[in-house]
1. Please pick out the residue among 29, 62 that is touching a residue at least 40 places away in the same chain (Cβ under 8 Å), touching a Lys or Arg at 6+ places or on another chain (Cβ under 8 Å) and not β-branched (Val, Ile, Thr).
2. Could you grab me the full set of residues in the stretch 38-59 that are touching a residue at least 40 places away in the same chain (Cβ under 8 Å) and of a type in the set (Lys, Arg)?
3. Say we look at the stretch 55-67 and pick out the residues that are at pLDDT below 95 and closer than 22 Å to residue 14 by Cβ; which of these is most open to solvent (accessible area, probe 1.4 Å)?
4. Which one is nearest to residue 7 (Cα to Cα) among residues in the stretch 33-51 that are in a loop (DSSP other than H, G, I, E, B) and either among the small types (Gly, Ala, Ser) or touching a strand residue (DSSP E or B) at 6+ places or on another chain (Cβ under 9 Å) (or both)?
5. Checking the structure you have, find out if any residue of the stretch 20-28 is among the aromatic types (Phe, Trp, Tyr), assigned to a helix (DSSP H, G or I), out of contact with any Asp or Glu (no Cβ under 9 Å at 6 or more places or on another chain) and open to solvent by less than 80 Å² (accessible area, probe 1.4 Å).
6. Provide a single number: the residues in the stretch 78-91 that are open to solvent by 60 Å² or more (accessible area, probe 1.4 Å) and touching a helix residue (DSSP H, G or I) at 6+ places or on another chain (Cβ under 9 Å).
7. Go through the stretch 68-77 and give me each residue that's outside any helix (DSSP H, G or I) and either in contact (Cβ under 8 Å) with a residue 40 or more places away in the chain or open to solvent by less than 80 Å² (accessible area, probe 1.4 Å) (or both).
8. Taking helices (runs of 4 or more DSSP H) that do not extend beyond the stretch 98-162, which have at least 3 residues that are surrounded by 12 or more Cβ atoms within 10 Å (Cβ to Cβ) and at pLDDT below 65?
Amino acid sequence: MSTETWRVGEIAMRTGLSVRTLHHYDEIGLLSPARRSEAGYRLYGASDVARLQQIMSLRGLGFPLEEIRTILDRPDVSALRIIVLHTRRLRELIETQRELCRRLELIAAQLSTAEEISADELFQTLELMSMTDRIKSYYTPEQLETLERRRQELGANEIRSV
């Protein structure tokens, strides 16, 4: 494993999390740095970065911090299992977003031709919109900001190809 270390500000900048969040994770024993510099700076190693990825995946799945600590302390929970769960959830979210997009495009097409839209179609679309809003509540504002930044970096065509 790499011996490279990163200070808390570097971790914050590279992950989109705030320094305050990382300090909080340290204070509650969720993510403590591998060591500290002589000046007292938190120094995170590769294993800390791996744990942070697991924390962020579990946060993305809606788990509260206290439960995340319990999960990560269990010997039967592997990094692979967390990644698989997170990937599965993201695929569900993507499918929900695609369906909402399809429905909104259909409604737009109907509106452009002055075609009447049934209340049932609107209810189904509203339900998907509500699901999308609930999905957003799974992510912290920092995670949503990071997702938006990645969306802008990738571009619409690349996202559609996923």
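1. Values: 62 fails: touching a Lys or Arg at 6+ places or on another chain (Cβ under 8 Å).
The match here is 29.
2. Keep residues of the stretch 38-59 that are touching a residue at least 40 places away in the same chain (Cβ under 8 Å), which gives 45-47, 49, 52, 56, 59.
Within the stretch 38-59, just 59 meets the criteria.
3. Looking only at the stretch 55-67, we keep the residues that are at pLDDT below 95, and these are 56-67.
The next check asks that each one be closer than 22 Å to residue 14 by Cβ; those that pass are 56-61, 65.
Numbers: 56: 44, 57: 4, 58: 4, 59: 63, 60: 2, 61: 37, 65: 34 Å².
The qualifying residue most open to solvent (accessible area, probe 1.4 Å) is 59.
4. Taking the stretch 33-51 and keeping what is in a loop (DSSP other than H, G, I, E, B), we get 33-34, 37-41, 45.
Going one step further and asking which of them are either among the small types (Gly, Ala, Ser) or touching a strand residue (DSSP E or B) at 6+ places or on another chain (Cβ under 9 Å) (or both), we end up with 33-34, 37, 39-41, 45.
Values: 33: 9, 34: 11, 37: 9, 39: 12, 40: 10, 41: 7, 45: 9 Å.
Selected residue: 41.
5. Step one: filter the stretch 20-28 for residues among the aromatic types (Phe, Trp, Tyr), giving 25.
Subset that is assigned to a helix (DSSP H, G or I): 25.
Add one more test, that the residue is out of contact with any Asp or Glu (no Cβ under 9 Å at 6 or more places or on another chain), and what stays is 25.
So of that shortlist, the ones also open to solvent by less than 80 Å² (accessible area, probe 1.4 Å) come out as 25.
Within the stretch 20-28, one or more residues are among the aromatic types (Phe, Trp, Tyr), assigned to a helix (DSSP H, G or I), out of contact with any Asp or Glu (no Cβ under 9 Å at 6 or more places or on another chain) and open to solvent by less than 80 Å² (accessible area, probe 1.4 Å).
6. At the first step, the residues of the stretch 78-91 found to be open to solvent by 60 Å² or more (accessible area, probe 1.4 Å) are 80-81, 83-85, 88, 90-91.
Okay, now just the ones that are also touching a helix residue (DSSP H, G or I) at 6+ places or on another chain (Cβ under 9 Å), so 83, 85, 90.
Total meeting the criteria: 3.
7. Restricting attention to the stretch 68-77, the residues satisfying the condition of being outside any helix (DSSP H, G or I) are 74-77.
Answer for the stretch 68-77, where residues must be outside any helix (DSSP H, G or I) and either in contact (Cβ under 8 Å) with a residue 40 or more places away in the chain or open to solvent by less than 80 Å² (accessible area, probe 1.4 Å) (or both): just 77.
8. Numbers: elements: 119-137, 141-154, 156-160.
Ranges flagged: 141-154.
The values are calculated or read from the model by the stated rules, or taken from the named source; none is laboratory data. Keep in mind it's a predicted model, so treat the numbers as computed, not measured. Please note: Cβ atoms are built from the backbone with ideal geometry, for glycine as well, and neighbour counts cover all protein chains shown. Side chains included, ligands, DNA and RNA excluded: accessible areas come from the protein's heavy atoms. Shrake-Rupley method; radii C 1.70, N 1.55, O 1.52, S 1.80 Å.
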